[in-house]
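The next block holds one structure in the form of structure tokens; read it before the comments.
The values are calculated or read from the model by the stated rules, or taken from the named source; none is laboratory data. This one's a predicted model, so the numbers in the text were calculated from it and none came from an experiment. Note: ideal-geometry Cβ built from the backbone for every residue, glycine included; neighbour counts use all protein chains shown. Side chains included, ligands, DNA and RNA excluded: accessible areas come from the protein's heavy atoms. Shrake-Rupley method; radii C 1.70, N 1.55, O 1.52, S 1.80 Å.
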Amino acid sequence: VQLQASGGGLVQAGGSLRLSCAASGRTFGSYRMGWFRQAPGKEREFVAAISWSGDRTYYADSVKGRFTISRDNAKNTVYLQMNSLKPEDTAVYYCAASTRSDSYYRREGFYDHWGKGTLVTVSS
């Protein structure tokens with residue numbers, strides 16, 4: 001599967017953005033999806049993940065209550081709605097796909113496919 005993330009941009013603190021990740025292929029519904037981010041000078045970190053059907057979601061503590069991950073399997077797309085953005089949310093955001101069924105979704109190695117990132121900049 002090939003992934004293409006979009007929707008990044010410049011936003012003021014307190015604002016919102018919605019990222020999208022479009023996937024190619026007919027088997028999108030068989031992939032667990034995740035979002036990661038990498039801030040300047042820092043390692044890439046887990047942000048959120050969603051199950052195949054979308055009935056289970058998982059979040060990093062730093063974004064819980066502000067970000068929402070969702071998916072539309074008919075459109076082969078996963079979303080990350082980001083509200084109440086903070087300057088520390090500034091990062092390149094990546095979407096990723098996994099065929100694994102274990103619970104290590106917070107780890108980069110869990111994912112088989114990665115998209116190119118989209119930059120989110122939050123100004124104070």
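If you take the residues in the stretch 17-29 that are modelled with pLDDT of 95 or more and not hydrophobic (A, V, I, L, M, F, W, C), which one is most open to solvent (accessible area, probe 1.4 Å)? In this case the residue turns out to be R18.
Pull up the stretch 1-16, narrow it to residues that are open to solvent by 30 Å² or more (accessible area, probe 1.4 Å) and of a type in the set (A, V, I, L, M, F, W, C), then point me to the one that is farthest from the chain's Cα centre (by Cα). Working first, answer last.
To start, the set of residues in the stretch 1-16 that are open to solvent by 30 Å² or more (accessible area, probe 1.4 Å) comprises 1-2, 4, 6-8, 10, 12-14, 16.
From what is left, the residues that are of a type in the set (A, V, I, L, M, F, W, C) are 1, 10, 13.
Details: V1: 16, L10: 17, A13: 19 Å.
Filtering the stretch 1-16 for residues that are open to solvent by 30 Å² or more (accessible area, probe 1.4 Å) and of a type in the set (A, V, I, L, M, F, W, C), the one farthest from the chain's Cα centre (by Cα) comes out as A13.
Kindly establish whether R32 is farther than 21 Å from T121 by Cα, among the basic types (K, R) and open to solvent by 40 Å² or more (accessible area, probe 1.4 Å). It would help to see each step written out before you state the result.
Values: farther than 21 Å from T121 by Cα: yes; among the basic types (K, R): yes; open to solvent by 40 Å² or more (accessible area, probe 1.4 Å): no.
No: the conditions fail for R32.
For the stretch 61-76, a residue qualifies if it is under 23 Å from T27 (Cβ atoms), surrounded by fewer than 18 Cβ atoms within 10 Å (Cβ to Cβ) and of a type outside the set (A, V, I, L, M, F, W, C), and the qualifying residues are S70, D72, N73, K75.
Across the stretch 90-112, which residue is nearest to Y59 (Cα to Cα) among those that are open to solvent by less than 70 Å² (accessible area, probe 1.4 Å) and in a loop (DSSP other than H, G, I, E, B)? The qualifying residue nearest to Y59 (Cα to Cα) is Y105.
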